[in-house]
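A.B. asks: Sending over a structure as structure tokens; questions will come in a sec.
The values are calculated or read from the model by the stated rules, or taken from the named source; none is laboratory data. These numbers were taken from a predicted model, which means no experiment stands behind them. So basically every Cβ, Gly included, is an ideal-geometry build from the backbone, and we count neighbours across all protein chains shown. Just the protein is used for accessible areas: all its heavy atoms, side chains included, with ligands, DNA and RNA removed. Shrake-Rupley method; radii C 1.70, N 1.55, O 1.52, S 1.80 Å.
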Amino acid sequence: MSSSYVEDPAPGHGSLRPRAYFRSDARSLDLGGDWRFLLSPNIPSAPEGIEYPEFDDSGWTDLPVPAHWQLHGHGKPAYTNVNYPFPVDPPRVPSDNPTGDYRRRFTLDGDWLTQPAVLRFDGIDSCARIWLNGNELGVTKGSRLPSEFEVGPLLRAGENLLVVRVHQWSAASYLEDQDMWWLSGIFRAVTLLARPAGGIPDYWIHADYDHRTGRGTLSVDTDPAVRLSIPELDLHDHPATQPISFAAVDPWSAEEPRLYQGELATDTERVQVRIGFRTVSIEDGQVKVNGRRVFFRGVNRHEHHPDHGRAVPLDTARADVELMKQHNINAVRTSHYPPDPAFLALCDEYGLWVIDECDLETHGFGKFDWDRNPGDDPQWSDAYLDRMRRMVERDKNHPSIILWSLGNEGHTGANFARMAQWTRDRDPGRPIHYEGDLDCAYVDVYSRMYAHTQEVDRIGRGEVDNPRHRELPFLLCEYAHAMGNGPGGLLEYRELFERHPRCQGGFIWEWIDHGIRRHTPDGREYFAYGGDFGETIHDGNFVIDGLLFPDRTPSPGLTELAKIYEPVRITATTDGLRIENHHDHTTLSHLTFHWTLETEGTQVAQGELPVPTLHSGQSIDLPLPELPATQGETWLTIHATLATDTPWAKAGHLIAWGQLPITPATPPVRTGAVRILHAPTELRLGLGGFDPHTGTLTSLGGHRVTGPRVDLWRATTDNDRGEHHPDATAWREAGLHRVQHRVAQIHPGDTELLVRTRVAPPGLAFGLLADYLWTADTDSLRLRLDLAPDGEWPCTLPRLGLRLAIPGAFDRVRWFGGGPGEAYADSRQAARIGLHTATVDELQTPYVFPQENGNRIDVRWAELSTVDGQVLRIEGLPTFDLTARRWTTEALEAARHTTDLTPTDQIHLNLDLAQHGLGTNSCGPGVLPQYRLHPRKAALELVFRI
Ligand code: GAL
């Protein structure tokens, strides 16, 4: 049997014209479940005759459909970002082309034979040849796109046999070089659908909304015999193709996703439809929906499940949508392919703006300056257009989709221009997006990825050469790379999106870490990334760059994003507070405002805050509520929560908050200095025992401790190690990971101990002078650390502070300061001042690739306690940053997976003055100047109590 189709750049063949994805009341049969399966290492070794019923597949195994065979023990997943995992020699693919043969028997009754039927495949990666009952149906390519085949005359009453031969590699693989795992097989649904004669072949509902009049206009492209009913609008059996207008409808928006339930019907078929009235336009250089500018608070979503790869179950898709809504996200780019259709139905229902992106990326040609890139090569032209048609036709009925995207990172060329032209003709109602059209020759929006804030500002001001870049709406289809600890610097982007009307927001890269769940031999779970499956060519943990961990636990980055994206802003004015409504469409009537007053984190008063109606874009200044007098540090916190249950969160869910300082802290009173005691092997000063030769603290309240000692290093983050001039490289070259501590002088006085040191890297001449001045009161030990740079410093610092190890039993933490989650200089909007508790284990953020994490900011005091109630209290004068873990920074940095981290018998504390910001240099701009930590003269003052 010839397999020349595998290396043919043309699209597949034999399938039906693409049409909308829908379910009707006609019969259907889900062909999911266990199929017989055999994986052959290449095409020649795959068996002959598999399409015939008599073929013996008893030696094969079972494989579930939908699924990827690599996640069921056949072959292995492989991860590459830009590189093709095979030689670039288009359209040829490796001879070692794993080929999976699938066979599925199913039984039909005679009724199936009375009408036409189609077989629908929602996704096969990457290329498949299909037979039914020994007859070839055709070939499909385009992994994340549907194909339907006419099968009516081939069906039999009784047993039928469906056979699918899937090739891991095909010419189409050149068009599917997205940054993700290479995973093969029938990974979306397979369905047999009856197509009743006189039924509904296809339909396209156009439901427009005129925001000036409130009118809704409806027309349906379909067969003239189709009738439309929308009981809510008192429409019954209306000839569907005849346009109709309604004097007043509720529009659909991501904020208020109003859907009207309707029905399309012929005498033989009925389809339940959900209609959302909305009109997308470009006016004044802005994408508008229903006449209002859209602010894309977006994320890029790949389809990923840690056990199932891109075969994402429906409840997982629903979890994604609910998590997005819960975190104030209002937009999704379906990077970089059309998702399972169920996801789009959820976007309609819950309310998310969608950029639906075509399954098309050829990034690997970029390495050769795009030589032989398919995007400009006529032999690929039909494949390009075929992909776009199949996406647009499948998804055209979703009100949530407001932009079409031609694909990702495929450079530019005539094939893209052709896709755009076809789409514009077919659907004038949705603008076209493609970041790769740098000149904006055939797109309707100017889109960029990872542009620096300074550049976004220039674009917003119109200070750019290309007139298209000055006129078109601007968005960041990717920004703020969420790899590892980060992203830092979100606030600065939001300010630009709010300052410049044409800068309409963007989409964080990306929604979820694509880690694959694995277990160590002793049963501990971890998440695998590139290289963990023995790939010869891979891109390591670059696939771990999401706001969710692989198991969908929100990362601190997502918590920060929820605060940045909050659609209500609550801030202090000189004598009161301001509430701003940043929704695009709605008032705040769905929210309840509530205040609490807390002194040192303990609530002393609370109440409702009445907020008058505020339309979108409006703000109001309110006086402070009546507050009782307080002593001690006191904050007023205002919460805006959902007033009633929604499909995605219960009443009471927090949407936005703001904090105002009310009463400042009162400095602690000193109880009277104690004197130093000289013992033969120890200096004693109050709670502290010191080594007389080194001046270091050895015990605190009778507990053995190590340190405190100046610490400049952190377990470098993905962003520290980033792509352009990485900070981590500069830090390592400066030897900051191996500084030495020279004790210059020890001065025991009557009531104080002064230890002068110089901290510096080997082989280099610069350093840091660090003076430790210890004093004690009857109930406390005090340290003042004075730091001053010595010599010419070549770089910034990862951190500036102290490390101190205490016994492992002190493993519960209560602190008054920023929290509850981790925060860093440029990612700290979500931290609120309050009283927080956590165990040391809970303070860890389990980044899939271990790295610095867990910092708590602005800590006024922290108490570390043991299970039997012993407490070590550390107070900042006025504050410090706290990190506490069971392993050292060095062990954290050496770990490659979370399971490499083994607890020691100590708690390792970092008590910092500051840390360098996070930035997004793993793919994008580094740390902004205001968040960079430079060596400087500084002092840290701490009080220890036991
Ligand atoms: C972009 C690309 C994404 C992803 C990201 C880095 O260039 O479009 O698919 O690779 O970089 O994580």
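A.B. asks: When you scan the stretch 183-231, how many residues do you find that are among the small types (Gly, Ala, Ser) and either open to solvent by 40 Å² or more (accessible area, probe 1.4 Å) or within 16 Å of the ligand (Cβ to nearest atom) (or both)?
C.D. replies: 3
A.B. asks: List the number of the failed condition for HIS481; all other conditions in (1) touching a Pro at 6+ places or on another chain (Cβ under 7 Å); (2) open to solvent by 10 Å² or more (accessible area, probe 1.4 Å) hold.
C.D. replies: Every condition holds for HIS481 apart from (2).
A.B. asks: Okay, moving on. Which count do you get for residues in the stretch 365-411 that are among the aliphatic types (A, V, I, L, M), touching a His at 6+ places or on another chain (Cβ under 8 Å) and not in a strand (DSSP E or B)?
C.D. replies: 1
A.B. asks: Additional query: When you scan the stretch 108-118, do you find a residue that is buried (at least 16 other Cβ atoms within 10 Å of the Cβ) and among the acidic types (Asp, Glu), even just one?
C.D. replies: Among the residues of the stretch 108-118, not one is buried (at least 16 other Cβ atoms within 10 Å of the Cβ) and among the acidic types (Asp, Glu), which makes the answer no.
A.B. asks: Among the residues of the stretch 874-905, which ones are assigned to a strand (DSSP E or B) and surrounded by fewer than 16 Cβ atoms within 10 Å (Cβ to Cβ)?
C.D. replies: Once the filter is applied, which keeps residues that are assigned to a strand (DSSP E or B) and surrounded by fewer than 16 Cβ atoms within 10 Å (Cβ to Cβ), the stretch 874-905 yields only PRO878.
A.B. asks: Across the stretch 626-683, what is the total count of residues that are closer than 24 Å to VAL321 by Cβ and assigned to a loop (DSSP other than H, G, I, E, B)?
C.D. replies: 11
A.B. asks: Further question on the same structure: Within the stretch 854-863, can one find any residue that is open to solvent by less than 20 Å² (accessible area, probe 1.4 Å), within 23 Å of HIS916 (Cα to Cα) and in a loop (DSSP other than H, G, I, E, B)?
C.D. replies: Looking for residues that are open to solvent by less than 20 Å² (accessible area, probe 1.4 Å), within 23 Å of HIS916 (Cα to Cα) and in a loop (DSSP other than H, G, I, E, B), one finds at least one in the stretch 854-863, hence yes.
A.B. asks: Would you mind stating whether GLY364 is open to solvent by less than 10 Å² (accessible area, probe 1.4 Å), in contact with an Asp or Glu (Cβ under 6 Å, 6 or more places away or on another chain) and either within 16 Å of the ligand (Cβ to nearest atom) or not hydrophobic (A, V, I, L, M, F, W, C) (or both)?
C.D. replies: yes
A.B. asks: Could you please let me know if ARG293 is among the charged types (D, E, K, R), away from the ligand (no atom under 16 Å from the Cβ), out of contact with any strand residue (DSSP E or B) (no Cβ under 6 Å at 6 or more places or on another chain) and open to solvent by 10 Å² or more (accessible area, probe 1.4 Å)?
C.D. replies: When the stated conditions are applied, ARG293 does not pass them.
Listed here are the residues, each with its yes/no results for (1) of a type in the set (Val, Ile, Thr); (2) farther than 30 Å from TYR79 by Cα; (3) within 38 Å of the chain's Cα centre (by Cα).
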position	(1), (2), (3)
LEU235	no, yes, no
GLN242	no, yes, no
GLN261	no, yes, yes
VAL299	yes, no, yes
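Matching residues to (1) assigned to a loop (DSSP other than H, G, I, E, B); (2) surrounded by fewer than 16 Cβ atoms within 10 Å (Cβ to Cβ); (3) of a type outside the set (D, E, K, R):
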position: ASN719; (1), (2), (3): yes, no, yes
position: GLU723; (1), (2), (3): yes, yes, no
position: ALA728; (1), (2), (3): no, no, yes
position: ARG732; (1), (2), (3): no, no, no
position: VAL743; (1), (2), (3): no, yes, yes
position: ILE746; (1), (2), (3): no, no, yes
position: LEU753; (1), (2), (3): no, no, yes
position: ARG756; (1), (2), (3): no, no, no
position: GLY763; (1), (2), (3): yes, yes, yes
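A.B. asks: Oh, and also: Kindly provide the set of residues from the stretch 783-837 that are over 19 Å from GLY876 (Cα atoms) and in a strand (DSSP E or B), ordered by number.
C.D. replies: Result: ALA788, PRO789, ASP790, PRO807, SER827.
A.B. asks: Can you name every one of the strands (runs of 3 or more DSSP E) wholly within the stretch 32-121 that holds 1 or more residues which are in contact (Cβ under 8 Å) with a residue 60 or more places away in the chain and touching an Asp or Glu at 6+ places or on another chain (Cβ under 6 Å)?
C.D. replies: Those strands (runs of 3 or more DSSP E) span 33-40, 78-80, 99-108, 117-121.
A.B. asks: For PRO501, state whether it is more than 14 Å from the ligand (Cβ to nearest atom), more than 20 Å from THR845 (Cβ to Cβ), open to solvent by 10 Å² or more (accessible area, probe 1.4 Å) and in contact (Cβ under 8 Å) with a residue 24 or more places away in the chain. Break it down stepwise before answering.
C.D. replies: Numbers: more than 14 Å from the ligand (Cβ to nearest atom): yes; more than 20 Å from THR845 (Cβ to Cβ): yes; open to solvent by 10 Å² or more (accessible area, probe 1.4 Å): yes; in contact (Cβ under 8 Å) with a residue 24 or more places away in the chain: yes.
Taking the combined requirement at face value, the residue satisfies it.
A.B. asks: Since ASN160 meets every condition but one in (1) open to solvent by 10 Å² or more (accessible area, probe 1.4 Å); (2) in a strand (DSSP E or B), which condition does it not meet?
C.D. replies: Every listed condition holds for ASN160 apart from (1).
A.B. asks: Restricting the search to the stretch 298-354, which residues are on the phi > 0 side of the Ramachandran plot and open to solvent by 10 Å² or more (accessible area, probe 1.4 Å)?
C.D. replies: Matches in the stretch 298-354: ASN328 only.
Let's see how each residue does on (1) open to solvent by 20 Å² or more (accessible area, probe 1.4 Å); (2) out of contact with any Gly (no Cβ under 8 Å at 6 or more places or on another chain); (3) at pLDDT 95 or above; (4) away from the ligand (no atom under 16 Å from the Cβ):
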residue: VAL543; (1), (2), (3), (4): no, no, yes, no
residue: LYS563; (1), (2), (3), (4): yes, yes, yes, yes
residue: THR587; (1), (2), (3), (4): yes, yes, yes, yes
residue: HIS590; (1), (2), (3), (4): yes, yes, yes, yes
residue: HIS594; (1), (2), (3), (4): yes, no, yes, yes
residue: LEU597; (1), (2), (3), (4): no, yes, yes, yes
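A.B. asks: Mind counting the residues in the stretch 367-386 that are within 16 Å of the ligand (Cβ to nearest atom) and under 17 Å from PHE416 (Cβ atoms)?
C.D. replies: 3
A.B. asks: Which of the residues spanning the stretch 453-480 are within 15 Å of the ligand (Cβ to nearest atom) and either free of Cβ contacts under 8 Å to residues at least 12 places away in the same chain or assigned to a loop (DSSP other than H, G, I, E, B) (or both)?
C.D. replies: Within the stretch 453-480, the subset within 15 Å of the ligand (Cβ to nearest atom) is 475-480.
Once the filter is applied, which keeps residues that are within 15 Å of the ligand (Cβ to nearest atom) and either free of Cβ contacts under 8 Å to residues at least 12 places away in the same chain or assigned to a loop (DSSP other than H, G, I, E, B) (or both), the stretch 453-480 yields only ALA480.
A.B. asks: For the stretch 262-308, how many residues are acidic (Asp, Glu) and part of a strand (DSSP E or B)? Spell out how you get there, then give the answer.
C.D. replies: Start the filter on the stretch 262-308 by keeping residues that are acidic (Asp, Glu), which leaves 263, 267, 269, 283-284, 303, 307.
The next check asks that each one be part of a strand (DSSP E or B); those that pass are 263, 283.
The total comes to 2.
A.B. asks: Tally time: how many residues in the stretch 168-182 are buried (at least 24 other Cβ atoms within 10 Å of the Cβ), within 16 Å of the ligand (Cβ to nearest atom) and aliphatic (A, V, I, L, M)?
C.D. replies: Of the residues in the stretch 168-182, 1 are buried (at least 24 other Cβ atoms within 10 Å of the Cβ), within 16 Å of the ligand (Cβ to nearest atom) and aliphatic (A, V, I, L, M).
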